[in-house]
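J.: Following this message is one structure expressed as C-alpha cells.
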Amino acid sequence: MRYRELGRSGVSVSEIGYGAWGIGESAWVGATEDESVRALHRAIDLGVNFIDTARGYGESERIVGQVVRERAGDEVLVATKVPPKNRLWPAPDGLDPAETFPGEHIRASLETSLRTSGLDHFDLLQFHVWSDEWVGRGDWLETIAALKQEGKIRLFGVSVNDHQPDNALALVRGGVVDSVQVIYNIFDQAPADTLLPACEEHGVGVIVRVALDEGGLTGRITSGTTFPEGDWRNRYFRDDRPAQVEQRVAAIVAELGIAAEDIAENALRFVLSSPAVSTVIPGMRTVRNVERNTAVSDGRPLGTDQLAALAKHRWQRNFYA
C-alpha cells in the first residue's frame, strides 16, 4: 500500500481508503455484518488506514468503531460526517447555515457518533453537504475550532454536493478546511478543472468518492441489470440508464484496449493519476473487493496517452436527481 499526504494536515493516508456507506445496510441491500467485519479487517491487514463513514450510513459507524477498537495496535484513521440539520441532500441554494449546521447540532451529532462508534475522537469530521454561501456566516467555524481544541476531532472537512465541485472553491481558498470529499471519476472529470488545482495550491486534502460511479464503472451494469427490492440503486439506475452506462463503458473499454473486467481497476488508476488526490474511498462490502481494489495501489498511474483518451469520455449528467 502506498500513502499520500492529506493536504497540509500532517496526516498520511492510504491511497485506497475504505468507503463504509455500503456496509451500513441502510441503502445498499446485500451486505452482511460478518462479511463487512471481515472486509474491514482484511483492508487494515493490507495497509488501508483511512475509513470513511457517516451518521447517515445506518449501522456503519457502529461496525467501523468495533473493528477499529479491535485493531487498537494499528493506526487507523476514521472520518465521519454530520448530517445537515434540515436533512436535505444536497444543499439547495439560499439556505442559512443556521438551518444546516448550527453549532449545537454539530456538537450533538458528533457526540452521538462517538457513542455509537465507541471511539474517543474522530480523525476527520465532515459536513455531509456544503454550500459556499455559508463561508463567513453562522457559528459552525467556531464550533469546529472548539471541538479540535477539546481533542474530539483532529481535522475538518466537507463533502461537496453531488456534481458541484466549484461550490467549495471559496471554502478551499479561505484556509479553514483540511479536506474536501468530492465525486471524481472517468465520467465526472469536472473537479480537475478548478477544484483539484485549488486544493493543491491551498494545501487541502482531496478524498474521492464514487470513483466507480456507484458500480457503473465496474462493467457489471448492463441493460438487464436488476437490484434487490429496497436497494437505492433501483433509483440511481432507473429506466434506460443501465443501457446508457453499458454503452459508455463499452466505448471506454474499446478506447483503452482492455478487457471488460479491467474497467474498475482503470477507473481507480484514473483517479490516482491526479497528484491532488489524497485517497479514493471505494465501497468494499466483501473481502474479494478489498483485495482487488487495494492491489491498485502499486505506483502505476495511467500514462499520458491513456489519460488523453479518457478525457474524451466525460459525461455530464446527474443520476442522483
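The values are calculated or read from the model by the stated rules, or taken from the named source; none is laboratory data. Keep in mind it's a predicted model, so treat the numbers as computed, not measured. Heads up, the Cβs are rebuilt from the backbone with ideal geometry, glycines too, and the neighbour counts pull from every protein chain shown. We work out accessible area using only protein heavy atoms, side chains counted, and drop any ligands, DNA or RNA first. Shrake-Rupley method; radii C 1.70, N 1.55, O 1.52, S 1.80 Å.
J.: Is there a residue in region 246-262 that is within 17 Å of the chain's Cα centre (by Cα) and touching a residue at least 12 places away in the same chain (Cβ under 8 Å)? Quick ask: steps written out before the conclusion?
T.: From region 246-262, those within 17 Å of the chain's Cα centre (by Cα) are none; that's our starting set.
Taking every residue of region 246-262 in turn, none turns out to be within 17 Å of the chain's Cα centre (by Cα) and touching a residue at least 12 places away in the same chain (Cβ under 8 Å).
J.: Pairs needed: first member in region 195-223, free of Cβ contacts under 8 Å to residues at least 24 places away in the same chain; second member anywhere, open to solvent by 20 Å² or more (accessible area, probe 1.4 Å); C-beta distance under 6 Å; at least 6 residues apart or different chains.
T.: Ser223/Ala243; Ser223/Glu246
J.: Give the residue that is farthest from Tyr320 (Cα to Cα), with candidates limited to residues of region 105-152 that are part of a helix (DSSP H, G or I), touching a residue at least 12 places away in the same chain (Cβ under 8 Å) and open to solvent by 50 Å² or more (accessible area, probe 1.4 Å).
T.: So the residue we want is Glu142.
J.: Then there is this: Condition first: open to solvent by less than 20 Å² (accessible area, probe 1.4 Å) and assigned to a helix (DSSP H, G or I). Now tell me which residues in region 91-104 satisfy that.
T.: Once the filter is applied, which keeps residues that are open to solvent by less than 20 Å² (accessible area, probe 1.4 Å) and assigned to a helix (DSSP H, G or I), region 91-104 yields Pro97, Thr100, Gly103.
J.: Please state which one of Ala170, Ala211, Ala190, Ala198 is modelled with pLDDT of 95 or more, open to solvent by 40 Å² or more (accessible area, probe 1.4 Å) and among the small types (Gly, Ala, Ser). Break it down into steps so the answer makes sense when it comes.
T.: Values: Ala211 fails: open to solvent by 40 Å² or more (accessible area, probe 1.4 Å); Ala190 fails: open to solvent by 40 Å² or more (accessible area, probe 1.4 Å); Ala198 fails: open to solvent by 40 Å² or more (accessible area, probe 1.4 Å).
Ala170 is the lone residue from the list that is modelled with pLDDT of 95 or more, open to solvent by 40 Å² or more (accessible area, probe 1.4 Å) and among the small types (Gly, Ala, Ser).
Quick grid of which residues meet (1) over 23 Å from Val37 (Cα atoms); (2) in contact with a strand residue (DSSP E or B) (Cβ under 9 Å, 6 or more places away or on another chain); (3) modelled with pLDDT of 95 or more; (4) not in a helix (DSSP H, G or I):
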residue	(1), (2), (3), (4)
Ala251	yes, no, yes, no
Arg269	yes, no, yes, no
Arg285	no, no, no, yes
Phe319	yes, no, yes, yes
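J.: Still on this structure, please answer the following. Report every pair of residues separated by at least 6 positions or lying on different chains whose Cβ atoms are under 8 Å apart, first residue within region 56-73 and small (Gly, Ala, Ser), second open to solvent by 40 Å² or more (accessible area, probe 1.4 Å) and not in a helix (DSSP H, G or I).
T.: Gly56/Ser26; Gly58/Glu25; Gly58/Ser26; Ser60/Trp21; Ser60/Ser26; Gly65/Gly118
J.: Taking the options Arg42, Arg8, Arg38, Arg4, name whichever one is outside any strand (DSSP E or B), within 21 Å of Gln181 (Cα to Cα) and not small (Gly, Ala, Ser). Talk me through it step by step, then tell me what you get.
T.: Working: Arg42 fails: within 21 Å of Gln181 (Cα to Cα); Arg38 fails: within 21 Å of Gln181 (Cα to Cα); Arg4 fails: outside any strand (DSSP E or B).
Result of the check over Arg42, Arg8, Arg38, Arg4: Arg8.
J.: Just give me the residues in region 36-46 being touching a helix residue (DSSP H, G or I) at 6+ places or on another chain (Cβ under 7 Å) and either open to solvent by 10 Å² or more (accessible area, probe 1.4 Å) or under 21 Å from Pro84 (Cα atoms) (or both), in sequence order. Lay out the reasoning, then the answer.
T.: Here is the first cut: in region 36-46, the ones touching a helix residue (DSSP H, G or I) at 6+ places or on another chain (Cβ under 7 Å) are 36-43, 46.
Within region 36-46, Val37, Arg38, His41, Arg42, Leu46 qualify.
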